[in-house]
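What follows is a short report on a single structure.
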Amino acid sequence: MREMLNTTIAEVMTAAVTEGRVSLETVPPVSVERPRDPSHGDWATNIALVSAKAAGMPPRAIAEIVAEGLRERLGATAEAIEIAGPGFINIRLARGVLADVVTRVREERDAFGAGARTGARVQVEFVSANPVGPMHVGHGRWAALGDSIARILEHAGDEVQREFYVNDAGVQMDIFAASVSARYLELCGRPGEFPEDGYRGAYITEIAREIYEEEATCWLDATPASREAHFKEKAYAQVLAHLKRVLHGMGVDFDVWFSERTLHGPGEGGGPSAIDRGIERLREAGHVFEHEGAVWFRSTEFGDDKDRVLKKADGSYTYFAADVAYHADKYDRGFDLVIDIWGADHHGYVKRMESAVAALGHPGKLEVIIGQLVNLFRDGEVVRMSKRTGEMVTFEDLLDEVGVDAARYFFLRRSTDQPLDFDIGLAKERSADNPVYYVQYAHARICSILRKASGADTADESVDVAAVAAGITAGARELALLGAEPGTLAGEAELALLRKLAEFPEVVALAARQRAPHKLTTYAEDLAAAFHGFYTHCQVVVDDPALRGARLALADASRIVLARALGLLGVSAPQRM
RNA sequence: GCCCUCUUAGCUCAGAGGAUAGAGCGUCUGCCUCCGGAGCAGAAGGUCGCAGGUUCGAAUCCUGCAGAGGGCGCCA
């Protein structure tokens, strides 16, 4: 509809210029938007305002000309075309046109709001936690965020791959192994020095205990190096299994788990490692230099604050060098766009990574989203979390307490660049104060209506809601009854719901473009509110078969879109609660 | 010190350069003989941090200032 109006307005303007009624060098780009205030109609354009100065005419005079042209061309599609305020042209669509959305939704079902296939291959890399401990709540938020962005991009038409980068190489793994080893020795009754930088969380002891229970004191007298090497793999496997289990449990499944170790190991045929090859590629492109025994990347050429070390003077590699190799690998795999979601504490790395990607010949094909942290609140008090003392609410604890739906929904409710205050009590609450229940309740309520309409008891669990929905037929004649009494509460409620349903494709497109799942939580709440308003003012299951069919169809369309919106957030749409 | 992000109702936050800046919570007031009241409707509540600028029009874009958070290692 927007595109159609856009084109039509452009045609009208061009015609007006050709006929000499408006003198313009070029017709400015047309903007059509949905007015905030429903009394301003369904669509509005500011074309007269933006053209006024160049045309040397008062905006309202231009608006008159455009409105006249639109009335001719739109005909019965528009119920009214009015000029308002300083020169806006407001278009009110005919009711029948508004009601078309019901048919469209019920035909397209889950495909409603889907964009055309773009052919773009997009990778979303997220969570990427070090496999040295349980997921924390921030990881949970980034998991929800990355997965939802992936779902939204898929719906918008991209081909998306989800990837988890496992930082399983490097110093932190050694510290991890040494920590487990120390706890193991304690369990064997031989307490010693705990590593200075060791991980002190209780989970380390639990991992050590599992090893102890399996292998008893086998490793008591092994050399520390062989013991730690063995424990590292055991503990790593346990943590990785934890990560996969928790993520799968919340509906997040990765296509690829990419191990950092593969970058350090020898390349094909025993050739240089991926990291060495990555550095070589930067060197061939002329962006590498040696200084004081280290190998540097001249990232300042790409706008970074300072140049960055790739290979230290002692011959070891920086974390950044591995990241360069990793990203080179991503583009070798043919992605048109790579989206990385990083924690807020990594945002100082964005510039250097973008620089490296540009130096590798893929400028602009990396997008880094910075995920902000989560502050947990319970009864109005901050829940302090400290790794040092081991007093931690892990993400798994939180999921156990509030459930997947509430956790995901709350994580996604705020824009990603805002730190999030998470109220545990509210997330658990089964009331209207809790937005996730508010939205799910609307869906369950519709299912209940459908059960009722089938003639069954509303609580009859054996009723197949989808089958009932499929049996509802409502043609143009019936749908024309929707909103037939504008000005009444019932009529306005129906119209408001129709308008909200029609917005969905635009919301998906916007959420995709802005990588902003919270646009969908806002939308879902608006749609639920529009449905509740409709429900309050309109009896759905009425005796008149035509009106009943129309309202059931509208309720069914609402059900489909609510479920779709929740689905893009990774939240379930229950048929009863 | 430099860089990034943020500052909107009492609280938590929405707000593609547009019309009278919105929602939820909290406060106050109404609505159940009726399909799920886990709902609906109304009232009160604002110098959009401050000051300039661009624009027909700025919460939105630009500059400066103030405040909050984060980042600035041959750490990971």
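Observations on the model:
- Between helix A:202-215 and chain A: long-axis angle, C-alpha atoms, 0 to 90°, nearest 10: 60
- All other residues whose Cβ lies under 15 angstrom from that of A:Leu481 are scored, Lys and Arg at +1 and Asp and Glu at -1, for a net of -3.
- For chain A, with +1 on Lys and Arg beta carbons and -1 on Asp and Glu, the positive-most of A:Leu489, A:Tyr199, A:Ala322 along the dipole: A:Leu489
- Cα-based reach from A:Lys312 at 14 Å (exclusive), listing aspartates and glutamates while leaving out same-chain residues under 8 positions away: A:Asp276, A:Glu290, A:Glu292
- 11 Å beta-carbon shell around A:Ala344, net charge (K/R +1, D/E -1): -1
- Among residues other than A:Glu79 with Cβ under 10 Å from its Cβ, the summed charge is +1 (Lys and Arg +1, Asp and Glu -1).
- Taking a ≥ b ≥ c as the square roots of the eigenvalues of the alpha-carbon gyration tensor, chain A is classed oblate because a/c is 1.5 or more while a/b is no larger than b/c.
- Under the shape rule built on the C-alpha gyration tensor, where the axes satisfy a ≥ b ≥ c, segment A:446-577 is oblate, since a/c reaches at least 1.5 while a/b does not exceed b/c.
- Spatially proximal aspartates and glutamates relative to A:Lys519 (Cα-Cα < 13 Å; intrachain offsets below 8 disregarded): A:Glu503, A:Glu506
- 1.4 Å probe accessible area per residue over chain A, in Å²: 45
- Under 24 Å from the Cα of A:Lys234 - lysines, other chains or at least 8 residues apart: A:Lys244, A:Lys387
- Listed residue (A:Val288, A:Ala359, A:Ala182) projecting farthest to the positive dipole end of chain A, Cβ model: A:Ala359
- Put simply, when A:213-224, A:91-102, A:162-173, A:34-45 are sorted by average Cβ atoms within 10 angstrom per residue, most first, you get A:91-102, A:162-173, A:34-45, A:213-224.
- Against the rule of thumb 2.2 N^0.38 Å, how large the Cα Rg of segment A:171-249 comes out: 1.06
- Carbon and sulfur %, accessible surface of chain A computed with the full protein complex present, 1.4 Å: 50
- Sparse-neighbour loop sites [trypsin sites (Lys or Arg not before Pro); segment A:288-359; at most 14 other C-beta within 10 Å; DSSP]: A:Lys306, A:Lys312, A:Arg333
- The charge dipole of chain A, taken about its Cα centre with unit charges on the Cβ atoms of Lys, Arg (+1), Asp and Glu (-1) only, comes to about 940 debye.
- Rounded if a/c under 1.5, otherwise prolate or oblate - segment A:359-495, Cα gyration tensor axes: prolate
- Projecting the Cα atoms of A:Gly157, A:Gly170, A:Gly140 onto the dipole axis of segment A:139-178, where Lys and Arg carry +1 and Asp and Glu carry -1 at the beta carbon, places A:Gly140 farthest toward the positive end.
- Nearest 10 degrees, 0 to 90: helix A:545-569 Cα axis against chain A principal axis: 20
- Rounded tilt (10° steps) of A:319-332 against the dominant C-alpha axis of chain A: 50
- Only Lys, Arg (+1) and Asp, Glu (-1) charged, at Cβ; segment A:171-249 dipole about Cα centre in debye: 280
The values are calculated or read from the model by the stated rules, or taken from the named source; none is laboratory data. Computed from a prediction, not measured in an experiment: that's the story for all the values here. Reconstructed Cβ throughout: ideal geometry from the backbone, glycine too, with neighbour counts over all protein chains shown. Please note that ligands, DNA and RNA were not included when accessible areas were found on the heavy atoms of the full protein model with its side chains. Shrake-Rupley method; radii C 1.70, N 1.55, O 1.52, S 1.80 Å.
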